[in-house]
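This report refers to the structure that appears directly beneath it.
Laboratory data are not the source of any read-out in this text; all were calculated from the coordinates shown. Just so it is clear, the model here is predicted, and its values are computed rather than measured.
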């Protein structure tokens with residue numbers, strides 16, 4: 001008994017997991033697996049784009065991402081910076097490093113989330129989180145930290161002054177006296193006109209920000225911009241996601 005052949009177009013099914021390129025970078029002497037950049041879009045939309053399931057076949061049939069911390073974003077950017085992050089992101093858009101909070105006394109990096117998953121901006125709550133004072137800044141768990149305004153310069157400065165400042169060190173979450181990755185990124189061979197730190201001024205009430213980096217100026221007089229404004233829904237840029245371990249990695253086995 002023959003079966004009837006159905007003629008016509010067969011539409012392909014949507015892939016179960018969206019393909020995504022990955023980049024393995026050194027981070028605190030360990031490999032860190034990050035996504036190719038999400039965006040350009042505002043930070044909240046980039047975070048939304050990170051949701052769901054991705055794949056990088058054949059090794060990773062199922063990948064899930066979480067937002068990179070500021071330190072992880074800097075490590076991802078620093079790897080082959082002149083070949084990757086600078087031409088692909090900073091020369092065209094902002095690189096959104098992660099969440100921060102500006103207050104009357106300084107800048108918090110990577111604030112913890114509340115029960116609704118939103119970054120905590122209450123200054124009293126943030127100050128109550130356990131930290132250790134190291135070279136003038138305060139460092140806690142999960143890349144959380146605080147840099148008082150007096151620990152860093154604002155405005156135009158050279159690479160070394162920027163990398164030795166509290167802002168660079170808290171964003172990189174380092175106990176060293178210099179933020180090595182940010183010193184490399186901002187080196188004068190790349191940015192001949194130095195570094196411009198702006199919009200990190202004191203505020204009466206805490207403000208949620210997205211610290212970001214970009215290139216500006218002409219090719220012969222380039223400057224690294226370090227930007228401290230935005231609430232997540234403002235200004236287009238790119239962001240890195242970090243491969244989650246746990247459920248996704250177990251499903252691959």
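Labels on offer are [x] 54, 46, 35; [y] 58, 53, 37; [z] 87, 47, 34, and the one holding Cα extents along the principal axes in Å computed from this structure is [z]. Between 195, 226, 207, the GNM of the chain built on Cα springs shorter than 10 angstrom shows 207 fluctuating the most.
Rounded if a/c is under 1.5, else prolate if a/b is larger than b/c, else oblate: which is the range 160-248, with a ≥ b ≥ c the root eigenvalues of its Cα gyration tensor? It would help to have the intermediate numbers written out before the result.
Numbers: a/c = 1.40, a/b = 1.24, b/c = 1.12.
Rounded, since a/c falls under 1.5.
Report summary: the helix-based calculation at 222 nm, which adds -39500 (n - 2.57) for every DSSP H run with n ≥ 4 and divides by the residues of the chain, gives -4500 deg cm²/dmol.
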